[in-house]
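Any read-out appearing in this document is the output of simple, stated calculations on the displayed coordinates, not a laboratory observation. All figures in this text were calculated on a predicted structure; none of them were measured in a lab. Cβ atoms come from the backbone with ideal geometry, glycine included; neighbour counts cover every protein chain shown.
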Amino acid sequence: DELISQIAAGEVVERPASVVRELVDNALDAGASQITVRLLGGGIRGITVEDDGAGIPESELPLALKRHATSKIRDLHELESVHSLGFRGEALAAIASVSDFSVTSRTTDAAHATRLDARSGELRPAARTVGTTVEVRELFFNTPARRKFLKTEATEQAHCVETLRRQALAHPGVAFSLWSEGMRLEHWRAASADQRLQDVLGDDFLLTSRAFAWEVPSLRVQGRLGLPEAARSRADHQYLYVNGRFVRDRTLAHALRSAFDDVLHGQRQPTYFVRIDIEPEQVDVNVHPTKIEVRFRDSRGLHQQLRRLAVEALATSQA
Ligand code: ADP
Ligand code: MG
């Protein structure tokens, strides 16, 4: 079972940034309003994620580390309409199988927090306020082949920062802090969506981008498209979300790129922030272990719609 977990870990946990993504998703699912991420050695030596969410009851702590144990969906039918970021129940088990792992948690009705050390399985009373702290040390210490594939600490840290940036953009109402080696690198206070865009992507993007929004009962598409005079347009500033999840989607990326090409003729790499909120039944998020890809029921329709909206928004800005 240990081996199976380690193999599964290969699909979910590629590098420190994958751990950050999974732990922060869990904190968001737990309703946290403040999330703190602490890195050591670019996340290779240590990743700690603290939240003030609902916590895990002591009796459920061991279960949280079991493979395919999730509190978020109860049956296959619910998989058709997932509202949480997590639902596969794989992440904690996978991460714990390739690191030195502990989780400390407290619910509102508990007299104290409880810490579970994954290696020993030992449960101990601990001190903390309501919420959860997950500590991951020495990622891949027991899978040297995988550890060898990690890049420098600086590169791994940059991936962690980018991952957190993606999550922060989608959840402006949640405050995020990021620390590295005891120094605070980022702090994004709880804010409006526009304020969060400004805090994370800079004044430039907010001031020069064009906003658009469109909505029917089953679908809402909204976003901001960066204009070419905002010279700092970068390929890695393309943020696309489906139901609060950062995704890569070729069809939608194409819709946006072709709109930019049409209206602005050959801008290099468009910068954009686009979020699509769609009925969960209209999208399958269970296509990829890391959930970075999704499948739409009507991807052609969505392509047309998004392209039309983007062309309109960009054309208005030309006038
Ligand atoms: P999933 O998120 O797919 O359910 P995970 O392996 O990421 O699976 O987490 C397993 C379970 O542990 C979750 O379903 C949840 O009940 C609990 N859990 C994990 N992290 C947290 C957290 N930060 N706060 C509250 N509960 C958590
Ligand atoms: Mg999860």
Quiz item: So for the pair Glu312, Glu138, with labels modelled 7 Å out along Cα→Cβ, what separation do we get in nm?
Solution: 5.8 nm
Self-check item: Size of charge dipole - the chain - debye, nearest 20, with Cβ of Lys, Arg +1 and Asp, Glu -1, no other charges
Solution: 640 debye
Self-check item: Residue-wise HN-Hα coupling along the stretch 187-193, computed from phi with Karplus coefficients 6.51, -1.76, 1.60 (Hz; x: Gly, Pro)
Solution: 9, 10, 6, 4, 8, 5, 4
Practice problem: Please give the FRET efficiency for Glu181 paired with Lys72, using the beta carbon to beta carbon distance and R0 = 25 Å, rounded to the nearest 0.05. | Solution: 0.15
Quiz item: Of Pro172, Gly31, Gln198, which is farthest along the charge dipole of the chain in the positive direction, counting Lys and Arg as +1 and Asp and Glu as -1 at C-beta?
Solution: Gln198
Quiz item: Which semi-axes, in whole Å and largest first, does the equivalent ellipsoid of the chain have when worked out from the alpha carbon gyration tensor as the square roots of 5 times its eigenvalues?
Solution: 36, 21, 19
Exercise. Kindly provide the pair-distance distribution of the stretch 105-153 built from C-alpha pairs, with 10 Å bins from 0 and whole-percent values in order of increasing distance.
Key: 22, 36, 22, 18, 2
Quiz item: Which value, in debye to the nearest 20, describes the size of the charge dipole of the stretch 132-282 about its Cα centre when Lys and Arg Cβ atoms bear +1, Asp and Glu Cβ atoms bear -1, and nothing else is charged?
Solution: 380 debye
Practice problem: List every residue whose amide H lies under 5 Å from the amide H of Leu240, counting only residues 5 or more places away in sequence or on a different chain, with H placed 1.01 Å from N in the peptide plane. | Solution: Val247, Val274
Quiz item: Using r as the Cβ-Cβ distance of Arg220 and Leu63, and R0 as 30 Å, what FRET efficiency do you calculate, to the nearest 0.05?
Solution: 0.25
Practice problem: Work out how much length Gln198 to Ala126 would gain on full extension: take 0.36 nm times their residue separation and subtract the Cα-Cα distance, in nm to one decimal. | Solution: 22.1 nm
Quiz item: How far apart, in nm, are the 7 Å Cα→Cβ label points at Glu293 and Asp261?
Solution: 2.2 nm
Exercise. Could you go through the stretch 145-160 in sequence order and give the Karplus-derived ³J(HN,Hα) for each residue, using 6.51 cos²θ - 1.76 cosθ + 1.60 with θ = phi - 60°, rounded to whole Hz, and x for Gly and Pro?
Key: 4, 6, 4, 4, 7, 5, 8, 5, 4, 4, 5, 4, 5, 4, 5, 5
Exercise. Would you mind pulling out the separation of the Cα centroids of the stretch 153-219 and the stretch 93-137, in Å?
Key: 28 Å
